[in-house]
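Have a look at the structure below, then the notes.
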């Protein structure tokens, strides 16, 4: 289902104006990775998937989305798995670590209005997953429409910029696990904030140019 849906969306967006502008995709490694992205709505999930196409991403999603039988089946079919955003416990971390060890990549939205209540725990969760799996985190930032219907506007473009990966496998072996997690969190926060400022500026300049 994920492959079919992402392929259809990829074709649609290619046909109607290439609205997804991807910056620094070369920074995304070939090996399994965790990608994190700033998050204020639902558009980012779609745009991140398109920017990384044809790679399939397994998304961490709030458990409430899986409460109904039909929604549970649907979200599992598009590679999403449930998490308690306010209290992500050890059992929550096992799923993404297992996916990464199987050669799959994982997507997490640890900040933004949608995840505001659980932002801090999810940032720690993302860092913990990276350390436990010994896989890199690729930070990304999004700027663009906040509503799905706005994605198809003539001048509506989305920008996603990727940053340098944070690879815990390169950390000193003298560091304790807790120290590695803290270091990943610090770097993730720093790089995400920088990326968001940069991509917001790029989007603003593009918007000004389109209005001339």
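Taken together, the values in this text are just the output of simple stated rules run on the coordinates, not laboratory data. Owing to the predicted nature of the structure, the values given are computational and were not obtained by experimental measurement. Backbone-built Cβ (ideal geometry, glycine too); neighbour counts: all protein chains shown.
Can you give me the distance in nm between label points at residue 84 and residue 102, each placed 7 Å from the Cα along the Cα-to-Cβ direction?
Taking the two extended label points, one gets 2.3 nm.
Going by C-beta contacts inside 10 Å, put 42, 59 in order with the fewest on the left. Write down the numbers at each step before the final one.
Values: 42 12, 59 20.
In order of increasing Cβ crowding within 10 Å: 42, 59.
How long is the gain from residue 63 to residue 25 if the chain were fully straight, where each residue apart is worth 0.36 nm and the alpha carbon distance is subtracted?
Details: separation 38, 0.36 × 38 = 13.68 nm, distance 3.00 nm.
Gain on extension, residue 63 to residue 25, equals 10.7 nm.
With a 10 Å radius around each residue's Cβ, average the other Cβ atoms per peptide and rank 27-33, 132-138, 173-179, highest first.
On the way: 27-33: 15.1, 132-138: 21.7, 173-179: 9.6.
Order by mean packing, descending: 132-138, 27-33, 173-179.
Tell me the label-point distance for the pair residue 95, residue 175, using the 7 Å Cα-to-Cβ offset, in nm and rounded to one decimal.
Each label point is offset 7 Å from its Cα along the Cβ direction, giving 2.7 nm.
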